[in-house]
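First up is the structure itself, then whatever we jot down about it.
The values are calculated or read from the model by the stated rules, or taken from the named source; none is laboratory data. Just so it is clear, the model here is predicted, and its values are computed rather than measured. Here the Cβ positions follow ideal geometry from the backbone for every residue, glycine too, while neighbour counts run over all protein chains shown.
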Amino acid sequence: MEFETVIGLEIHAQLLTSTKIFCTCSSSFGAEQNTHACPVCLGMPGVLPVLNKKVVEYAIKMGLATNCKIASRSIFARKNYFYPDLPKGYQISQFEEPICEYGHVDIIVEGEPRRIRLTRIHMEEDAGKSIHAEEFVASDETLVDVNRCGTPLIEIVTEPDIRSPREAFVFLNELRQILRYLNICDGNMEEGSLRCDANISIRPKGDTKLGTKAELKNMNSFRGVEKAIEYEVLRQTDIITSGGKVQQQTLLWDDKRMEVQPIRSKEMAHDYRYFPDPDLVPVDVAPEWIEAIRADMPELPAARRERFRTQFKLPEYDAAVLTETKDVADYFEAVAAHIDDAKLVSNWIMGEVLRTLNEQKLDIADFPINPQRLAGLVDLIQKSVISGKIAKSVFTEMLTSTDSAQQIVDAKGLTQVSDSSELDQVINDIITANPDAVERFKAGETKLTGFFVGQIMKATQGKANPKVVNQLLMEKLNKK
């Protein structure tokens, strides 16, 4: 029997507000344990939560960016469950009336367009963190850090529209790009600011009824999500083909062992005993505010990719790489504004610039060569003042110098030799010094062209214009 995979994702994105969702405690990551907490975070008697307006603004931004309907009125609810890292015994979330509904995100998977529908986007607070690591505690003990309690989140819930682990990977990457372009979440899965749970089931191909789902948790990278879903699909396929039944349960992904472990039966909504939070009034959003937020939205990744393909005539691959982050896309546009050949700019940024950023673990904002200086270097290549090889040495020097490319070229005498009268003698000397190679070339070994060019470049310390060299060399060899 052939099966179809059905996947729905629940993505939690931590919002980049300076304070928590219902109090003024800092929401920054990495502070000493239990130092970012107050009676509101901990749900002490007699305290009242006050909603952070920025959280609502960020939720609306994400809703607009993903084609959602923005609710003029939404309600906060209490989601009741007991965990040691949830001091109140409930989480403030949204249930029946979320702030955003009925959106979608369009993606391209292996050349095919796919639309992934969103059920909802809602606001909620995060829980704390239980620490089981043996370097902190004995094997039978758990410590709790409440710093994360009350950190603002949006939860993005998809319809069960995803049909493969690869689709899940591509969708998550697109979603993270949108979050980062909006500057509302840093998208760091390793630090937990972007977390994903996957609901997975399989069904006979052609069937429309959903199978029994299992929920996968603890996936801390995009590749981890893809691998975990692959594993779970195979596990469920083995169970069904062996005559068994898949149990509805929550599973923990072990990235080291590459396997899942059951942790509990899967809860249903009624298990949480949702009810409207009596301490929080409904959230009323004026249409004027929504339109003001819409007007302030940046160009989103998909639109920017398409514009790079049309405006700059870049290949699809280049456009995807350059728009991966907003800062790199901005950097490219700042350089391309000064250069006619956008593809040449793209090659340098995708090659030397991104390689340097990766090697030195830098963000583009900290890159020592600003767009104007790189444009100066690319302009020298475009005008054949220097060769691509010389340009790489100039680029290396620019990383530790404040001089412009032109200043470095002038100081070191690196200007490319394009004058045929200057190159004639060098080419004649190389041909005269290698009569055997000349005879072999004339006998049909045309690959020896590379040998001659290499010798000429060596003799001119890499300053000879390769285009002029090739033209003059072929003329002389063919006359021999």
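Summary table below
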{"read-out": "Unique residue being modelled with pLDDT under 95 and of a type in the set (Gly, Ala, Ser) when the list is Ala302, Ala286, Ala269", "value": "Ala269"}
{"read-out": "Any hit, the stretch 102-122, residues being out of contact with any Asp or Glu (no Cβ under 9 Å at 6 or more places or on another chain) and within 19 Å of Gln14 (Cα to Cα)", "value": "no"}
{"read-out": "Residue that is surrounded by the most Cβ atoms within 10 Å (Cβ to Cβ) [pool: residues in the stretch 139-187 that are more than 28 Å from Glu96 (Cα to Cα) and among the β-branched types (Val, Ile, Thr)]", "value": "Val170"}
{"read-out": "First in the stretch 350-370 and surrounded by fewer than 16 Cβ atoms within 10 Å (Cβ to Cβ), second anywhere and of a type outside the set (S, T, N, Q), Cβ under 8 Å, 6 or more apart", "value": "Asp363/Asp327; Asp363/Leu357; Ala365/Asp327; Pro368/Met398; Pro368/Leu399"}
{"read-out": "Residue satisfying condition, being surrounded by fewer than 18 Cβ atoms within 10 Å (Cβ to Cβ), assigned by TED's automatic domain parsing to the domain that holds Gln360 and either closer than 24 Å to Thr356 by Cβ or hydroxyl-bearing (Ser, Thr, Tyr) (or both), within set Ser393, Ser387", "value": "Ser393"}
{"read-out": "Residues satisfying the stated conditions in the stretch 314-348, i.e. over 12 Å from Ile364 (Cα atoms), among the β-branched types (Val, Ile, Thr) and in a loop (DSSP other than H, G, I, E, B)", "value": "Thr323, Ile339"}
{"read-out": "Options Pro298, Pro278; residue that is surrounded by 13 or more Cβ atoms within 10 Å (Cβ to Cβ) and either without any contact (Cβ under 8 Å) to a residue 40 or more places away in the chain or part of a loop (DSSP other than H, G, I, E, B) (or both)", "value": "Pro298"}
{"read-out": "Filter result for Asp271 (under 30 Å from Glu97 (Cβ atoms) and either in a helix (DSSP H, G or I) or without any contact (Cβ under 8 Å) to a residue 12 or more places away in the chain (or both))", "value": "yes"}
{"read-out": "Residue check, Asp436 among the charged types (D, E, K, R), more than 14 Å from Asn478 (Cα to Cα), touching a residue at least 24 places away in the same chain (Cβ under 8 Å) and assigned to a helix (DSSP H, G or I)", "value": "no"}
{"read-out": "Hits in the stretch 396-416 - residues which are surrounded by fewer than 18 Cβ atoms within 10 Å (Cβ to Cβ) and in contact (Cβ under 8 Å) with a residue 40 or more places away in the chain", "value": "Leu399, Thr415"}
{"read-out": "Test: Val409 is among the aliphatic types (A, V, I, L, M), at pLDDT below 95 and assigned to a helix (DSSP H, G or I)", "value": "yes"}
{"read-out": "Any hit, the stretch 31-44, residues being hydroxyl-bearing (Ser, Thr, Tyr) and within 27 Å of the chain's Cα centre (by Cα)", "value": "no"}
{"read-out": "Single match in Lys209, Lys217 (criterion: buried (at least 16 other Cβ atoms within 10 Å of the Cβ) and among the basic types (Lys, Arg))", "value": "Lys217"}
{"read-out": "Qualifying residue in the stretch 100-108 (condition: assigned by TED's automatic domain parsing to the domain that holds Gln14, under 23 Å from Ser27 (Cβ atoms), buried (at least 21 other Cβ atoms within 10 Å of the Cβ) and under 25 Å from the mean Cα position of the chain (by Cα))", "value": "yes"}
{"read-out": "Residues (closer than 23 Å to Gln91 by Cβ and of a type in the set (D, E, K, R)) located in the stretch 139-187", "value": "Asp145, Arg148, Glu155, Asp186"}
{"read-out": "Single residue of the stretch 468-480 satisfying the filter (surrounded by 12 or more Cβ atoms within 10 Å (Cβ to Cβ) and out of contact with any helix residue (DSSP H, G or I) (no Cβ under 7 Å at 6 or more places or on another chain)) that is farthest from Lys389 (Cα to Cα)", "value": "Met474"}
{"read-out": "Condition met for Met44 (under 30 Å from Ala228 (Cβ atoms), out of contact with any Ser or Thr (no Cβ under 6 Å at 6 or more places or on another chain) and outside any strand (DSSP E or B))", "value": "no"}
